[in-house]
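A.B. asks: This is the structure I have questions about; it appears just below.
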Amino acid sequence: MKETSRAVRPAILIIGAPGSGKGTQGKILGTIPRFFHCACGDIFRSLDTRTPLGQRFVNYSSKGELVPDELTIELWEAQIDNWSDSHLYKPDIDILVLDGIPRNVRQAEILEKHLKVHQVFHLSCPNREELARRMRKRALKENRMDDASDRVIEQRIKTYEAETKPIIDYYSKDLVTEIDASRPPVEVLNAILSRVVQLEFYKDFAKVVV
Ligand code: ADP
Ligand code: MG
C-alpha cells in the first residue's frame, strides 16, 4: 500500500444477495459529489490480463476457482491506488461506497487495516423468488450470462447465505442498517441517504468545504 493512500479511508458497505440492488444503489451514490462507488466485480472484470496481477486472477477464474482472500484484497487495493493516483478517488475527502467486497468475514477482517467502515447497509430481500426474477431480467438486459441459469442463480444465493451474510453479525449492531430491498429503487436510495445524513462522521464530513 502506498504511503499517500494510507490516510484512513472512510467507507460505507453495501451488503446483499445477488440481485438485491447493490450495483443499482452504488452507481447512483457514486454520482453524488464526495461519494465514490467501488464495485469489486467490475474491478476483476477490467483487469489487464497481461499484467502479473491480471495473470494471477486469470489462473483462478479460468479454473472456476474462487480468488483467494489475500489476492482479492491486493487486486482491490491496486485499483484503489490507481484511482487515487489519478485523483478520480480522493481517499481523504471521498466516502468509499463498497459493493461486492468484503464477500466473507475473513475479507472483512483484512479490510479493517485499509478503511474505516462507518455504516453497513444490508439490502435485505428474504423473497428469493424476487431475487431470481431480477437476476433473470438482468441476464437479458446486461448480457450477464452468469445470471441466466436457475441452477447458477440458486448456487450464488446459497454461497451468499453461507459466506457473505455472516458479515452482518461481524459488525456491531449500531453499524448496521437494515434496508427493505424489495421496495422500489428510489425508496431504497431514500432509506440509505436518510441514514447517511444522520451519521456523525457524515456531519463532520459535510463541514469540509472543497
Ligand atoms: P446486485 O448488484 O446486488 O447483484 P443489481 O443492482 O445489479 O444487483 O440489480 C439486479 C437487477 O434488479 C437489475 O436488473 C436492477 O435493475 C434490478 N433492481 C435493482 N434494485 C431493484 C429494486 N429495488 N426493485 C426492483 N428491481 C431492482
Ligand atoms: Mg452487482
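The values are calculated or read from the model by the stated rules, or taken from the named source; none is laboratory data. Since this is a predicted model, take the numbers as computed values, not measurements. Cβ sites come from the backbone with ideal geometry, for glycine too, and all protein chains shown count toward neighbours.
A.B. asks: Evaluate the range 143-157: report whether one residue or more is surrounded by 15 or more Cβ atoms within 10 Å (Cβ to Cβ) and among the charged types (D, E, K, R).
C.D. replies: yes
A.B. asks: Just to verify a result, which residue in the range 35-47, among those that are at pLDDT 95 or above and either away from ligand 2 (no atom under 13 Å from the Cβ) or more than 12 Å from the chain's Cα centre (by Cα) (or both), is farthest from ARG103 (Cα to Cα)?
C.D. replies: So the residue we want is PHE35.
A.B. asks: So, one more: Can you tell me which condition PRO126 does not meet? The list is (1) surrounded by 14 or more Cβ atoms within 10 Å (Cβ to Cβ); (2) out of contact with any Leu (no Cβ under 7 Å at 6 or more places or on another chain); (3) more than 21 Å from PHE44 (Cα to Cα), and all the others hold.
C.D. replies: (1)
A.B. asks: Here is a list of conditions, (1) surrounded by 13 or more Cβ atoms within 10 Å (Cβ to Cβ); (2) within 16 Å of ligand 2 (Cβ to nearest atom), and LEU199 meets all of them except one; can you say which number that is?
C.D. replies: (2)
A.B. asks: A further question on this structure: Taking GLY41 as the residue in question, decide whether it is touching a Leu at 6+ places or on another chain (Cβ under 7 Å) and either more than 10 Å from ligand 1 (Cβ to nearest atom) or under 21 Å from ILE153 (Cβ atoms) (or both).
C.D. replies: no
A.B. asks: Let me ask you something else. Any residue in the range 188-207 that is under 23 Å from GLY16 (Cα atoms) sitting within a Cβ distance under 6 Å of a residue that is exposed (fewer than 15 other Cβ atoms within 10 Å of the Cβ)? List the pairs, counting only those 6 or more apart or interchain.
C.D. replies: Pairs that qualify, where the first residue is under 23 Å from GLY16 (Cα atoms) and the partner is exposed (fewer than 15 other Cβ atoms within 10 Å of the Cβ): there are none.
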